[in-house]
Amino acid sequence: MEKWHYLLTFQYLGFRYHGWQKQPQVKTVQFMLDRTIEFILGHSNFKTLGSSRTDSMVSAMKTACTITVKEDIDPEWLFSKLNENLPADIKALKLERVGKDFQVINHAKLKTYYYLFSNEKKAYPFAAPFMCNIVEDLDIELMKEGAKIFEGHHHFKAYCYKPTPGKVFNREIMHSRIEENELLQANFFPDKTFLYTVKGEGFMRHQIRLMMGALFRLGRGEKTLEDIQNSLKEQAECIGFVAPASGLILGDLKFK
């Protein structure tokens, strides 16, 4: 039976979701998307497949999934119906037909992640869905130096949570920098916030949150720049912690 394949590019605020992938008894982004498509089409004879998984409370400014159906659907019509019916924290950005050979996971090439954080003595409650707040004093300039150490080809075993057998730890980080946040602004944000930007072709489970956790420990004076460098050796142990998920945003996704 002939099938039609569509690539949906979309964004979402992940604070109330348990990640992308469907799971029993919890609300996920895929569950909400599938429920919306089922309402629009009037049946459940379709399949969605995401380009990657995200953790609970992680957001995405741009991510993608494929929708496979057994009927030819006008992309403009479906795109319009999605934005009419999706919840307010999920928005379709683009919908297009793709060939049957398109693989949304394997064709994903370059990913950009952002991690938003502040350094205030008291957290700002309305900012909680968007950023992490660290109450201890942070040496931001030292953290900027530490972030640059991750750039290039390194062994990232110390930055993978519960690795599976055969996991490839040698990976390349193309960009790893901390700067003052000018990407997202709101009047309920603290006066000064910071943005950690990381770019690469693929990341392991909790990798960026573990890297951010190591940089937080560096900023608090618990670790040194040498510790960061040594953590990228083959026999290194984890020196960070898994930073809170609500600061992490999948910022961009490019395909081959």
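So, of the residues in region 111-132 that are hydrophobic (A, V, I, L, M, F, W, C) and in contact (Cβ under 8 Å) with a residue 40 or more places away in the chain, which turns out to be surrounded by the fewest Cβ atoms within 10 Å (Cβ to Cβ)? Can you show your working first?
Kept after step one, since they are hydrophobic (A, V, I, L, M, F, W, C), are these residues of region 111-132: 116-117, 123, 126-128, 130-132.
Adding the requirement that they be in contact (Cβ under 8 Å) with a residue 40 or more places away in the chain leaves 116-117, 126-128, 130-132.
Numbers: Leu116: 22, Phe117: 26, Phe126: 11, Ala127: 21, Ala128: 15, Phe130: 21, Met131: 25, Cys132: 22.
The qualifying residue surrounded by the fewest Cβ atoms within 10 Å (Cβ to Cβ) is Phe126.
Going residue by residue through region 57-66, is there one that turns out to be over 20 Å from Gly202 (Cα atoms) and among the β-branched types (Val, Ile, Thr)?
No, region 57-66 contains no residue that is over 20 Å from Gly202 (Cα atoms) and among the β-branched types (Val, Ile, Thr).
Name every residue in region 168-219 that is polar (S, T, N, Q) and closer than 19 Å to Leu232 by Cα, in order of residue number.
Result: Asn170, Ser176, Thr197, Gln207.
Take Leu82 and decide whether it is aliphatic (A, V, I, L, M) and modelled with pLDDT under 95.
In short, no.
Could you tell me whether Val135 is in contact (Cβ under 8 Å) with a residue 12 or more places away in the chain and assigned by TED's automatic domain parsing to the domain that holds Leu225?
When the stated conditions are applied, Val135 passes them.
Condition first: assigned to a loop (DSSP other than H, G, I, E, B), crowded, with 16+ Cβ neighbours inside 10 Å and among the basic types (Lys, Arg). Now tell me which residues in region 155-203 satisfy that.
Selection gives nothing.
The values are calculated or read from the model by the stated rules, or taken from the named source; none is laboratory data. For clarity, every value in this text was computed on a predicted model and none was experimentally measured. Please note: Cβ atoms are built from the backbone with ideal geometry, for glycine as well, and neighbour counts cover all protein chains shown.
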